Amino acid sequence: MSGPLQGLRVLDMTRILAGPTCTQLLGDLGADVVKIERPGEGDDTRRWGPPYVRNADGSDSDASAYFLSSNRNKRSLSIDMAHPEGQALIRRLAETADFAVENFKVGGLAKFGLDYFGLKQVKPDLIYCSITGFGQDGPYAPRAGYDYLAQGMGGMMSLTGEADGKPMKIGVGIADVMCGMYASVALLAALHHRERTGQGQYIDLALLDTQVAWLINEGLNYLTSGVVPHRRGTEHANIVPYNVLPAADGHFILAVGNDRQFQRFAQFAGAPELASDLRFLTNSLRVANREAIYEILPKLTVTKTLDQWIDGLAALGVPSGPVNTLDRVFADPQVLHRGMKVEVPYPGSETGSVSLIGNPIRFSETPVGYDRPPPHVGQHSDEVLAELGLDAAEIARLRDQGVV
C-alpha cells in the first residue's frame with residue numbers, strides 16, 4: 001500500500017456504511033485494512049443490489065455496487081467470531097493492529113471478548129473506535145440506529161424538502177458517511193496522542209451525535225434566535241438569492257454570495273434597478289424580503305437560456321451552475337480532470353475492472369492510491385493468517401471446521 005498512513009494496520013470489524021466509509025478512507029491513505037467478514041456471507045451490503053458486478057460468465061458476483069462504494073483498499077478475512085478459535089484469531093490480529101473499528105450494537109462484541117477492554121488486554125496501546133446509532137450511553141444507547149433514523153431524529157429531514165411538502169431524507173446515506181468521516185478524524189487525532197504519550201484510547205461515535213453536529217448554520221440559527229427553522233426547498237436560510245431558478249430551456253442554480261455579486265447579476269439580467277432597490281440593497285434586506293425578490297427573479301431568468309446564464313455569470317464571477325443528473329456528473333470535464341471517476345482492475349469480472357468514485361484528497365507528496373479493489377468474501381484469508389504465523393495445515397483445519 002502507498003500513502004501517508006503506510007505501515008499502519010486497521011482491524012476492521014465494520015459493515016454497512018458508516019464504519020466501512022471510515023476504514024476505506026484509512027485504506028485510501030495507505031493503511032493496511034483487514035476486514036473481518038462472516039464466512040460465506042460477508043458484509044450485509046454485498047446483497048444490497050442490484051446492480052452487482054458481473055462475473056466473467058455473466059452471473060452476479062458477491063459484490064453489489066453498494067458494497068463497492070465503501071470497501072476498496074481492504075483485505076477480506078472471513079472468520080466466525082462466535083467460535084472461540086475465531087475470537088482467538090482476531091485477538092492475534094489485534095496484537096498487530098494500530099486501530100480497531102467496529103459498528104456492532106452496544107455490547108455486541110463484549111460477549112466475544114472483542115470489545116475495547118478485551119482487545120486492550122493483548123494490545124495496550126490500541127486505538128479502538130465504536131460507531132453506533134446513539135452512542136455507548138444515554139437512554140437510547142440500546143437501540144439499533146440507522147442513517148434514516150439519524151436524519152429524522154437529528155433534524156436534517158425537517159430542513160429538507162419543499163416548504164409545503166413532507167420532510168425528506170437526503171438522497172444518500174449522508175449521516176452514515178459523515179459519521180465515518182468524523183471517525184477517521186478521531187482515529188488520526190488519537191494516533192497523534194499515542195505518538196506523544198504512548199497511550200491508546202477508546203473512541204465512542206454515534207450517528208445521532210454527528211448528525212446534530214453538522215446542522216451547522218441552521219442549528220445555530222435556532223440556538224441563536226430560538227426560532228425553529230422550516231423547510232425552504234432549494235432556498236438558503238441566510239443568503240438571497242440562492243435558489244434554483246427557471247431559464248428559457250431548463251433550470252439553473254443561482255448562488256449569489258455577496259452584494260457585489262448581486263449587483264453584477266442584476267446588470268447582466270438587464271434589471272440594474274434591482275441593485276438599487278431599497279428592499280434589496282444588502283443580503284440582510286434581501287433575506288427579509290425574500291418573497292418579493294423571488295416573485296421578480298423568475299420573470300427575468302426565463303428570458304435567457306441555461307448556457308447564457310451559466311457562461312455569462314461565470315465570466316462575471318457570479319456563482320451559478322446546472323442541476324446535473326449522475327450521467328452528466330461523471331461526464332463533466334472538471335470531474336474527470338480531477339480524477340473523481342477511477343477504473344480499478346477487478347480480476348474475474350465481465351469487463352476486468354470496476355468503476356469507482358475517486359477520493360477527493362490531493363497530496364503533493366503522498367498521493368492517494370487505489371491499490372486493492374473491493375475484495376471477495378475471504379479473498380485474503382490465507383494470506384492474512386499466514387502473516388499471523390499459521391501454516392497451511394492449520395489454515396486448512398480451521399476452514400474444515402468453519403472457523404474461517
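Checking each residue in the range 295-310 for being out of contact with any Pro (no Cβ under 7 Å at 6 or more places or on another chain) and not hydrophobic (A, V, I, L, M, F, W, C) picks out E295, K299, T303, K304, T305, D307, Q308.
Is it the case, given these coordinates, that V377 is among the β-branched types (V, I, T), farther than 25 Å from V329 by Cβ and over 25 Å from the mean Cα position of the chain (by Cα)? Against the criterion (among the β-branched types (V, I, T), farther than 25 Å from V329 by Cβ and over 25 Å from the mean Cα position of the chain (by Cα)), V377 does not qualify. Pairs are defined by a Cβ separation below 6 Å, a sequence spacing of at least 6 or placement on different chains, a first member in the range 107-123 that is of a type outside the set (S, T, N, Q), and a second member that is in a loop (DSSP other than H, G, I, E, B) and open to solvent by 50 Å² or more (accessible area, probe 1.4 Å); no pair meets this definition. Check the range 1-11 and report whether any residue there is over 21 Å from the mean Cα position of the chain (by Cα), at pLDDT below 95 and of a type in the set (A, V, I, L, M). Taking every residue of the range 1-11 in turn, at least one turns out to be over 21 Å from the mean Cα position of the chain (by Cα), at pLDDT below 95 and of a type in the set (A, V, I, L, M). Which one of these does R38 not meet: (1) within 25 Å of G7 (Cα to Cα); (2) basic (K, R); (3) open to solvent by 10 Å² or more (accessible area, probe 1.4 Å)? So R38 meets the others, but not (1).
Number of residues in the range 210-230 that are under 25 Å from Y146 (Cα atoms) and assigned to a loop (DSSP other than H, G, I, E, B) equals 5. The residue pairs whose first member lies in the range 182-209 and is assigned to a helix (DSSP H, G or I) and open to solvent by 50 Å² or more (accessible area, probe 1.4 Å), whose second member is at pLDDT 95 or above and not hydrophobic (A, V, I, L, M, F, W, C), and whose beta carbons are closer than 6 Å, counting only pairs six or more residues apart or on different chains, are Y182/T210. Tell me whether the range 39-55 contains one or more residues that are out of contact with any helix residue (DSSP H, G or I) (no Cβ under 8 Å at 6 or more places or on another chain) and within 30 Å of P139 (Cα to Cα). Yes, that holds for at least one residue. Restricting A110, A94 to residues that are open to solvent by 10 Å² or more (accessible area, probe 1.4 Å) and at pLDDT 95 or above narrows the list to A110.
Scanning the range 210-238 for residues that are open to solvent by less than 70 Å² (accessible area, probe 1.4 Å) and either of a type in the set (A, V, I, L, M) or in contact with a Ser or Thr (Cβ under 8 Å, 6 or more places away or on another chain) (or both) returns A213, L215, P229, R231, A237. Taking the residues in the range 256-285 that are in contact (Cβ under 8 Å) with a residue 40 or more places away in the chain and closer than 12 Å to W309 by Cβ as candidates, determine which candidate is least open to solvent (accessible area, probe 1.4 Å). So the residue we want is F265. Do we have S64 as under 20 Å from the mean Cα position of the chain (by Cα), open to solvent by 20 Å² or more (accessible area, probe 1.4 Å) and at pLDDT 95 or above here? Spelling it out, it is not the case that S64 is under 20 Å from the mean Cα position of the chain (by Cα), open to solvent by 20 Å² or more (accessible area, probe 1.4 Å) and at pLDDT 95 or above.
Scanning the range 171-193 turns up no residue that is more than 15 Å from T14 (Cβ to Cβ) and charged (D, E, K, R).
The values are calculated or read from the model by the stated rules, or taken from the named source; none is laboratory data. All values reported here derive from a predicted model rather than from experimental measurement. FYI the Cβ positions are ideal-geometry reconstructions off the backbone, even for glycines, and counts take in every protein chain you see. Please note that ligands, DNA and RNA were not included when accessible areas were found on the heavy atoms of the full protein model with its side chains. Shrake-Rupley method; radii C 1.70, N 1.55, O 1.52, S 1.80 Å.
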